[in-house]
Each structure stands twice: as C-alpha cells, then as structure tokens.
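For reference, the structure is listed below as structure tokens.
The values are calculated or read from the model by the stated rules, or taken from the named source; none is laboratory data. Just so we're clear, the structure is a prediction, and the values are computed from it rather than from any experiment. Cβ: placed from backbone, ideal geometry, glycine included. Neighbour counts: every protein chain shown. Protein only, heavy atoms only, side chains kept; ligands, DNA and RNA dropped before computing areas. Shrake-Rupley method; radii C 1.70, N 1.55, O 1.52, S 1.80 Å.
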Amino acid sequence: MYRKILLAYDGSPDGREALAQAETLAHACGATVHLLAIIDPSESMLIVEAMSFIPDNERSAIQSVLDEGVKHLRRAGCLATNELKYGRPAEQIVLSAREMGADLIVVGHRDQGTLARWLNGSVGESILHQPPCSVLVAVRSEQRANNVPPIRQLKAGAKG
C-alpha cells in the first residue's frame, strides 16, 4: 500500500505521535520513512548589520532531532532517512513529497485555538489544498497523550 512515507518531524509531542504512527504504518507496509524538518527563515533569521543568517546552533539542534528520530525508527526495524530544508513548511513538504514520489505524508496535529490557527495558519490544512498523495494528520488520543515519551527517554531506556 505505502512504500514511501514522508514524515514532517520536529521532535515535539505531536511530532513524536506522528513518528509512532509512521513507524506502525512502515512496519505494516514495509515502507521507508523519510523524516523532514523545515526551518522557516522568516521565523528563524537573525539580522546583524544588514545581513541575515540562521544560527548554527539552531541548525544543529534540528539536525540532532532528525538523527534521533531516524535512530528510533532503525532500532524498531524500519528503513529511515532524514533531510533538513529551508522555506515555508507546507510548500517544502509538498515539494519533497513530489520529488521523492511519496505515497503518504504524515504530520502531527498541533492543538491550536481558533485565533492562533487563523493568525499562524495550519501546515496540515495547507498541505490538504494541494496534496500530491494521501495525508495522515496524526492526532494523539487522550490515552496515548501521556504515553509518548521524548526521544531522549527512549534512547536512555534502550540502553538499560
């Protein structure tokens, strides 16, 4: 059914739920999971003496989150890769899905209020306007909401 899953991943609790659901699907279908993080330059840039740049510590922190996600999936027996891109998140997710020939895009659901959603928009909703493939918006159930541990806890637990 699904061979290539694109997971928009940021390491947040919603992202970890999306990671867990992508892992389950990947096992069921024998799919490869491609984790994608996007740095939105409009939100991340520092302007110093008329020059703009994205701090290296932000880039390396996001890359570390991606690497931990891939390690988690690989320990679970899934094929996984990752990539860090720059741009508007919804546009980059759709572009990446097209480029890789994804069968499914998985995103986490951020529980925003109406005003926040109106002001900030919704990446998931934006993707649904021009989907190149099926889209899964992973929502944490009330029971699972407290059971999705941070990646660092998973890593520590795996060694013990």
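Assorted remarks:
- Pair list, Cβ < 9 Å and 6+ apart or interchain, from the range 81-97 residues that are in a loop (DSSP other than H, G, I, E, B) to residues that are of a type in the set (Gly, Ala, Ser) and open to solvent by less than 50 Å² (accessible area, probe 1.4 Å): ARG88/SER126
- Matching residues in the range 44-59 - criterion: being at pLDDT 60 or above and surrounded by 10 or more Cβ atoms within 10 Å (Cβ to Cβ): ILE54, PRO55, GLU58, ARG59
- For the range 88-121, a residue qualifies if it is modelled with pLDDT under 90, more than 13 Å from the chain's Cα centre (by Cα) and either open to solvent by less than 90 Å² (accessible area, probe 1.4 Å) or under 17 Å from ALA31 (Cα atoms) (or both), and the qualifying residues are GLN112, GLY113, ALA116, ARG117, GLY121.
- Scan of the range 57-80 for residues that are touching a Leu at 6+ places or on another chain (Cβ under 7 Å), under 17 Å from SER12 (Cβ atoms) and touching a residue at least 40 places away in the same chain (Cβ under 8 Å), ordered by number: ILE62, LEU66, GLY69, HIS72
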